[in-house]
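Since the structure comes first, as structure tokens, the remarks are kept for the end.
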Amino acid sequence: MNIGALMSLIVIAVILALSLKNKSPEISSIISLSLCIAIIAVCVERIRLIIGRIKNISLNVDIDKTYILILLKLIGVAYICEFAAGISKDAGYGAVASQIELLGKLTMLMISLPVLGQVIDIILSMMR
């Protein structure tokens, strides 16, 4: 499904959920939750395609597989944290959303430390 059609369906679902929010909050919540699940399904499929392409690139280029794995982990952490923070903000928990974003940044820093160590080792070896 192309992005235009997908966004049109999302806008229609959001308008429907908003119009039912006062009359029937339960149905509005179900529509909202269903919309989130559908969007996640589309995202998972696109992520699957991206991972496939990254794997193909890594087969054709002489890159250490560790770096590809780190890249994929970083992408995953970024998307998961952004999704969780967005849900928290929408629920009115801005402070929790900020903490999720901080946790995501720290986790990404922790995951990338081996690459930073390698870069520092390379720089030090060039200076000798």
Failed item in (1) acidic (D, E); (2) surrounded by 14 or more Cβ atoms within 10 Å (Cβ to Cβ); (3) in the same structural domain as L9 (by TED's automatic domain parsing), with E101 passing the rest: (3)
Has the stretch 22-40 got at least one residue that is exposed (fewer than 11 other Cβ atoms within 10 Å of the Cβ), under 30 Å from L9 (Cα atoms), under 14 Å from the mean Cα position of the chain (by Cα) and of a type in the set (K, R)? no
Checked the stretch 51-71 for anything in a helix (DSSP H, G or I) and within 19 Å of S112 (Cβ to Cβ); matches are I51, I54, S58, K65, T66, Y67, I68, L69, I70, L71
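The values are calculated or read from the model by the stated rules, or taken from the named source; none is laboratory data. The structure displayed is predicted, hence computed values, not measured ones. Because the Cβ atoms are built from the backbone with ideal geometry, glycine has one as well, and the counts that use them run over all protein chains shown.
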